[in-house]
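**Q** Please read through the structure below; I'll follow up with questions.
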Amino acid sequence: MELSLRDSIFRRQGGHIVVDTPLNGYSKHALAVKFGRAFGLNRDYRHPSYLMSSGRQSKYLSKSSAAWLSRSRFFNPEMTFFDDKTLIETRPSSRGKVRFKVEDADGIHQVRLLVKPINKNHPPGFQKKIDPAQNQTEWEKSYKGTYYTLHDALTLPGEKEATVELDYPKLVDTLIELHVIDGYGNRVYVIKRINTSFLRRILN
């Protein structure tokens, strides 16, 4: 399904997508997550109400995810194509933060920090099971440290160059992803290894 979505969304300008499934084959939440991932969104466990969480009552896009989609080329098929190169440089970290210099002549729309949580306790938006004990077991068995999830995002008013500072949690894998979308809906991401020895020293 995801491959089909990518073909429909990124190789064509707009159009319709028809999803054929058996009766009750996909829940509304599961479909929303599938579409969200095709549009460049990631798991978002910051709150159980967010569609990209696994909250059982998830209903809404977070403000940062809505802002990301507002520049998606799928939702703006009339947008003229431009794509100047995006430059991302790591800057020295500060207390509980990671810093990057980002440049894009097309204007930076949003920068997103994704991490793999390795905390023993699951985040608030992770609610796969009704029973809390089963939920905790599911987290530790299949999800802890496995998937990149959205941790922080910064929406910028089309700046060409900015030094961004994003919250960096203690209990995460040292490999992070930084995603950037520009004013024309072009998306890039980099994978970086963060040296956490300094961060942990000042946090502990």
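**Q** When you go through (1) in a loop (DSSP other than H, G, I, E, B); (2) at pLDDT 85 or above; (3) on the phi > 0 side of the Ramachandran plot one by one for Gly107, which number turns out not to apply?
**A** Answer for Gly107: the failing condition is (1).
**Q** Between Lys116, Lys144, Lys120, Lys97, which is over 20 Å from the mean Cα position of the chain (by Cα) and under 24 Å from Arg43 (Cβ atoms)?
**A** Details: Lys116 fails: over 20 Å from the mean Cα position of the chain (by Cα); Lys144 fails: over 20 Å from the mean Cα position of the chain (by Cα); Lys97 fails: over 20 Å from the mean Cα position of the chain (by Cα).
Going through Lys116, Lys144, Lys120, Lys97 in turn, just one is over 20 Å from the mean Cα position of the chain (by Cα) and under 24 Å from Arg43 (Cβ atoms): Lys120.
**Q** In the stretch 157-167, how many residues are surrounded by 15 or more Cβ atoms within 10 Å (Cβ to Cβ) and farther than 17 Å from Ile88 by Cβ?
**A** Qualifying residue count, the stretch 157-167: 0.
**Q** Within the stretch 146-204, restricting attention to residues that are part of a loop (DSSP other than H, G, I, E, B) and either hydrophobic (A, V, I, L, M, F, W, C) or on the phi > 0 side of the Ramachandran plot (or both), which residue is modelled with the highest pLDDT? Walk me through how you get there before you give the answer.
**A** As a first pass, look at the stretch 146-204 and keep what is part of a loop (DSSP other than H, G, I, E, B): 146-148, 168-171, 173-174, 183-186, 194-196, 204.
Now drop any that are not either hydrophobic (A, V, I, L, M, F, W, C) or on the phi > 0 side of the Ramachandran plot (or both), which leaves 171, 185, 194.
On the way: Leu171: 85, Gly185: 90, Ile194: 84.
Only one residue tops the list, namely Gly185.
**Q** From the list Ser72, Ser54, Ser65, Ser49, pick out the single residue that is of a type in the set (S, T, N, Q) and over 21 Å from Tyr147 (Cα atoms). Quick ask: steps written out before the conclusion?
**A** Details: Ser54 fails: over 21 Å from Tyr147 (Cα atoms); Ser65 fails: over 21 Å from Tyr147 (Cα atoms); Ser49 fails: over 21 Å from Tyr147 (Cα atoms).
Checking each option against the conditions leaves just Ser72.
**Q** Here is a further query. Conditions: (1) more than 17 Å from His47 (Cβ to Cβ); (2) surrounded by 14 or more Cβ atoms within 10 Å (Cβ to Cβ); (3) in contact (Cβ under 8 Å) with a residue 24 or more places away in the chain. Asp152 meets all but one. Number of the miss?
**A** Status for Asp152: all satisfied but (1).
**Q** Just one of Arg71, Arg91, Arg43 is buried (at least 19 other Cβ atoms within 10 Å of the Cβ) and under 18 Å from Asp104 (Cα atoms); which is it?
**A** Details: Arg91 fails: buried (at least 19 other Cβ atoms within 10 Å of the Cβ); Arg43 fails: under 18 Å from Asp104 (Cα atoms).
When all the criteria are applied, what remains is Arg71.
Residue by residue, here is whether (1) touching a strand residue (DSSP E or B) at 6+ places or on another chain (Cβ under 9 Å); (2) of a type in the set (Ser, Thr, Tyr); (3) over 19 Å from Arg56 (Cα atoms) holds:
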position	(1), (2), (3)
Gly107	yes, no, yes
Pro124	no, no, no
Lys129	no, no, no
Gln136	no, no, no
Ser142	no, yes, no
Thr155	yes, yes, yes
Leu178	yes, no, yes
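**Q** On to the next question. Scan Lys116, Lys170, Lys128, Lys141 and give me the residue that is surrounded by fewer than 15 Cβ atoms within 10 Å (Cβ to Cβ), over 26 Å from Phe74 (Cβ atoms) and in contact (Cβ under 8 Å) with a residue 24 or more places away in the chain. Let's see the steps before the verdict.
**A** On the way: Lys116 fails: surrounded by fewer than 15 Cβ atoms within 10 Å (Cβ to Cβ); Lys128 fails: surrounded by fewer than 15 Cβ atoms within 10 Å (Cβ to Cβ); Lys141 fails: in contact (Cβ under 8 Å) with a residue 24 or more places away in the chain.
Being surrounded by fewer than 15 Cβ atoms within 10 Å (Cβ to Cβ), over 26 Å from Phe74 (Cβ atoms) and in contact (Cβ under 8 Å) with a residue 24 or more places away in the chain holds for just one of Lys116, Lys170, Lys128, Lys141, which is Lys170.
**Q** While we're looking at this one, here's another question. Of the conditions (1) within 20 Å of Ala162 (Cα to Cα); (2) among the charged types (D, E, K, R); (3) assigned to a loop (DSSP other than H, G, I, E, B); (4) touching a residue at least 60 places away in the same chain (Cβ under 8 Å), Lys85 fails just one. Which one is it?
**A** (4)
The values are calculated or read from the model by the stated rules, or taken from the named source; none is laboratory data. This one's a predicted model, so the numbers in the text were calculated from it and none came from an experiment. Neighbour counts are summed over all protein chains in view; Cβ atoms, including those assigned to glycine, are modelled from backbone coordinates with ideal geometry.
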